[in-house]
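Participant: Handing you this structure, nothing more for now.
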Amino acid sequence: MISRIWRLLPGPLWARVIQAVVLAAAFLVALHFFYDWLGKAILDQGGTVG
Amino acid sequence: MQDTDIAFDGEVAQPVDPGDTLGLRVLHNAGWTFIYLGFLTLGFVVHQLFITTWFAQQAQSELALEREEQWEETEISEVVVVANPDNPNEPIVVPESTDAPDQGEQGRPLVLKVESAPELGTAFALIRIPRIERLQEGWNVVEGVRTRDLRSGAGHMPDTALPGQPGNAVISGHRTTYGQPFHELDALDPGDRIEVDTALGTHIYEVREFRIVKPTDTWVADPREGAWLTLTTCHPKFSARERYVVFAELVFGPNAEAIEVMS
């Protein structure tokens, strides 16, 4: 899948590298928020009552 | 001529069983899907156990400095109060100009040291539990139990008493993520000490009892006669299904004697 996305990126090599880094960063941030939400929903809500 | 596929080199292509191709493709895609799901799950575990803890530890370092500043800015005053039978969290303050208050049903007046209320999200206390290794050095407590408050430290529930004050001070904390401050709360036994440092000094509580309740059981935060500390965290470990609650009573501190007399 990663190589497929890499092949879809337009432009010369340096432009594709920059796009890949931006995409990877955005993916990690999105993944962090998703994990955070999931963790709060099922694992640990901080122990609050009410 | 037969209806068959002709290759470029003129050779007749071998007939292929479509069932096998479809089956292999499904198997191939399913395999990759499970591999991706496995990585996602592994990432989730690593994120919850280690990355959130890293965030919390970074926040704790900043909160320690913030707490020191907060203590310097906190206004401490002495007020004469009598017990409030309707709300033990808020004793009735006797104005300075008033003569000795009526001791009738409200009990004896006492001089109480009070600190100004911290702003939401501000670190104002340090909780230490000698019995629990990870809390021997202390964990900063912030005002508020919003999600962002609890990511950085333990959270004091607003509208409950401040630690060291009459009533019921409620502090919540994560059990399995974000530094896991209350991970071993169930290791406490009656009689174990809990120490809370505030701008007033160190307040020492003794564990009296513990309960497992539903997350909606708000009665655990109800005001109590005397001075109590209630710690709440998720239960069982790695689940938000219930809450583990520890009730501890103030036994020593700047206000301990006065509160004992009052109650």
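Each reported figure results from applying straightforward, stated rules to the coordinates on display, with no laboratory input. Everything numeric here is computed off the predicted structure, so don't read it as measured data. Note that each Cβ is placed from the backbone with ideal geometry, even for glycine, and that neighbours are counted across all protein chains shown.
Participant: Taking neighbour counts of Cβ atoms within 10 Å as a proxy for exposure, in what order, fewest first, do B:LYS237, B:LYS214, B:LYS113 appear?
Facilitator: B:LYS214, B:LYS237, B:LYS113
Participant: Something else: Can you give me the long-range amide H partners of B:ARG241? Hydrogens built in the peptide plane at 1.01 Å from N, cutoff under 5 Å, separation of 5 or more residues or another chain.
Facilitator: Close amide H contacts, sequence-distant or interchain: B:HIS235.
Participant: Tally Lys and Arg at +1 and Asp and Glu at -1 over the other residues with C-beta under 14 Å from the C-beta of B:GLY144: what net charge comes out?
Facilitator: Working: positive: B:ARG146, B:ARG148, B:ARG151; negative: B:GLU66, B:GLU119, B:GLU143, B:ASP149, B:ASP159.
Its environment carries a net charge of -2.
Participant: Oh, and also: Report, in deg cm²/dmol and to the nearest 500, the calculated mean residue ellipticity at 222 nm for chain B, where each DSSP H run with n ≥ 4 adds -39500 (n - 2.57) and the sum is divided by the residue count. Walk me through the numbers before you get to the answer.
Facilitator: Details: 4 runs with 64 residues, N = 263.
Here the helix-only value at 222 nm equals -8000 deg cm²/dmol.
Participant: Related question: Can you give the extra length, in nm with one decimal, that the chain gains between B:ALA117 and B:GLU78 once fully stretched, where that is 0.36 nm per residue apart less the Cα-Cα distance?
Facilitator: Working: separation 39, 0.36 × 39 = 14.04 nm, distance 1.42 nm.
Once the chain is fully extended between B:ALA117 and B:GLU78, it gains 12.6 nm.
Participant: Ok, one more. Alpha carbons only, please: Rg and Dmax for the protein assembly as shown, in angstrom.
Facilitator: For the protein assembly as shown, the Cα radius of gyration and maximum Cα-Cα distance read 29.3, 119 Å.
Participant: Report, in degrees rounded to the nearest 10, the 0 to 90 angle that the Cα long axis of helix B:52-73 makes with the longest principal axis of chain B.
Facilitator: It is inclined by approximately 20 degrees.
Participant: What is the calculated FRET efficiency for B:ARG134 to B:GLU90, with r their C-beta to C-beta distance and R₀ = 45 Å, to the nearest 0.05?
Facilitator: 0.85
Participant: Please list, ordered by chain and number, the residues whose modelled amide H lies under 5 Å from the amide H of B:ASP192; skip anything fewer than 5 residues away on the same chain.
Facilitator: Result for B:ASP192 returns B:VAL207.
Participant: What order do you get for B:SER61, A:SER3 when you list them from fewest to most C-beta neighbours inside 10 Å? Mind dumping the intermediate values first?
Facilitator: Values: B:SER61 10, A:SER3 7.
The order, fewest Cβ neighbours first, is A:SER3, B:SER61.
Participant: What trypsin sites (Lys or Arg not before Pro) does segment B:133-231 have in DSSP loop regions with at most 16 other beta carbons within 10 Å?
Facilitator: Values: sites: B:ARG134, B:ARG146, B:ARG148, B:ARG151, B:ARG175, B:ARG193, B:ARG208, B:ARG211, B:ARG224; in loops: B:ARG146, B:ARG175, B:ARG224.
Sparse-neighbourhood loop trypsin sites (Lys or Arg not before Pro): B:ARG146.
Participant: Could you give the dipole magnitude of the protein assembly as shown about its Cα centre, charging the beta-carbon of Lys and Arg +1 and that of Asp and Glu -1, in debye to the nearest 20? Mind dumping the intermediate values first?
Facilitator: Values: 23 positive and 44 negative charges, 268 e Å.
For this selection, approximately 1280 debye.
Participant: Report, as an integer, the average count of C-beta atoms from other chains found within 10 Å of each Cβ along B:145-152.
Facilitator: If you average over the peptide's residues, the count of other-chain Cβ atoms is 3.
Participant: Taking chain A as the reference, fit the longest principal axis to its C-alpha atoms, fit the long axis of helix A:13-42 to the helix C-alpha atoms, and give the angle between the two in degrees, 0 to 90, nearest 10.
Facilitator: Helix A:13-42 and the main axis of chain A meet at about 10 degrees.
Participant: Shifting gears a bit: Using a 7 Å offset from the Cα along the Cα-to-Cβ direction at both A:PHE33 and B:VAL46, what is the distance between the two label points in nm, to one decimal?
Facilitator: 2.2 nm
Participant: For the Cα atoms of chain B, what angle does the longest principal axis make with the long axis of helix B:18-46, in degrees from 0 to 90, nearest 10?
Facilitator: Around 20 degrees separate the two axes.
Participant: At a Cα cut-off below 21 Å, give the lysines reachable from B:LYS237, other chains included and same-chain residues fewer than 8 away excluded.
Facilitator: A:LYS40, B:LYS214
Participant: Using amide H atoms built in the peptide plane, which far-off residues or other-chain residues are under 5 Å from B:PHE252 H to H?
Facilitator: Hits under the 5 Å cutoff: B:ILE204.
Participant: Something else now. What list of ³J(HN,Hα) values in whole Hz, one per residue of segment B:80-85 in order, does the Karplus curve 6.51 cos²θ - 1.76 cosθ + 1.60 (θ = phi - 60°) give from phi, with Gly and Pro shown as x?
Facilitator: Along segment B:80-85, the couplings run 8, 10, 10, 4, 9, x Hz.
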